[in-house]
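The values are calculated or read from the model by the stated rules, or taken from the named source; none is laboratory data. Just so it is clear, the structure is predicted and the values come from calculations on it, not from any experiment. All Cβ positions, even for glycine, are placed from backbone atoms using ideal geometry, and neighbour counts span all protein chains on display. Quick note on the areas: whole protein, heavy atoms, side chains included, nothing else; ligands and nucleic acids left out. Shrake-Rupley method; radii C 1.70, N 1.55, O 1.52, S 1.80 Å.
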Amino acid sequence: LQGQIAIVSRYESGRVETIKIGDKTFSGKDMRSILGLNSANFKIRFAADSLTFETSGFGHGVGMSQYGANALAKAGYDFYEILKYYYTGISFGFCL
């Protein structure tokens with residue numbers, strides 16, 4: 001199996017850009033959807049007669065986790081603090 005499946009490229013975020021299975025190439029996003037993975041940021045672990053997809057994170061990788069943001073809100077963070085948590089280095093100018 002190991003010679004038949006390989007991650008070809010990754011985005012800077014670590015998510016799989018392309019993966020090759022046999023002579024076919026798929027996007028990481030397509031593999032996430034096909035296999036029902038939590039994320040396109042995955043590694044493949046090979047054993048003698050099996051393979052395992054190990055994911056890291058959840059979602060599509062554009063920034064804010066709805067579950068994490070909800071947990072922060074329940075912990076008392078306001079929406080400015082939540083946005084700053086996920087998008088470091090931002091400022092709101094007049095909003096503060």
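When you scan segment 7-42, how many residues do you find that are of a type in the set (A, V, I, L, M, F, W, C) and more than 18 Å from the chain's Cα centre (by Cα)?
Filtering segment 7-42 for residues of a type in the set (A, V, I, L, M, F, W, C) gives 7-8, 16, 19, 21, 26, 31, 34-35, 37, 40, 42.
Cutting the leftovers down to more than 18 Å from the chain's Cα centre (by Cα) gives us 21.
Residues meeting the conditions: 1.
Is at least one residue of segment 25-33 out of contact with any strand residue (DSSP E or B) (no Cβ under 9 Å at 6 or more places or on another chain), farther than 30 Å from residue 69 by Cβ and among the polar types (S, T, N, Q)? Checking segment 25-33: not a single residue is out of contact with any strand residue (DSSP E or B) (no Cβ under 9 Å at 6 or more places or on another chain), farther than 30 Å from residue 69 by Cβ and among the polar types (S, T, N, Q). In segment 22-35, the residues that are open to solvent by 80 Å² or more (accessible area, probe 1.4 Å) reach residues that are assigned to a strand (DSSP E or B) with C-beta atoms within less than 6 angstrom, at least six apart or across chains, in these pairs: 25/18.
Name the residue that is farthest from residue 40 (Cα to Cα), counting only residues in segment 84-96 that are open to solvent by 50 Å² or more (accessible area, probe 1.4 Å) and assigned to a helix (DSSP H, G or I). Ranking the qualifying residues of segment 84-96, first place goes to 94.
Select from segment 1-14 the residues that are open to solvent by less than 40 Å² (accessible area, probe 1.4 Å) and within 19 Å of residue 64 (Cα to Cα) and list them in ascending order. Across segment 1-14, the qualifying residue is only 14. Looking at segment 43-61, is at least one residue part of a helix (DSSP H, G or I), of a type in the set (A, V, I, L, M), at pLDDT below 95 and surrounded by 10 or more Cβ atoms within 10 Å (Cβ to Cβ)? No, the conditions are met nowhere in segment 43-61.
Looking at segment 62-83, which of its residues are assigned to a loop (DSSP other than H, G, I, E, B), loosely packed, with under 11 Cβ neighbours inside 10 Å and modelled with pLDDT of 85 or more? Scanning segment 62-83 gives 75, 76, 78.
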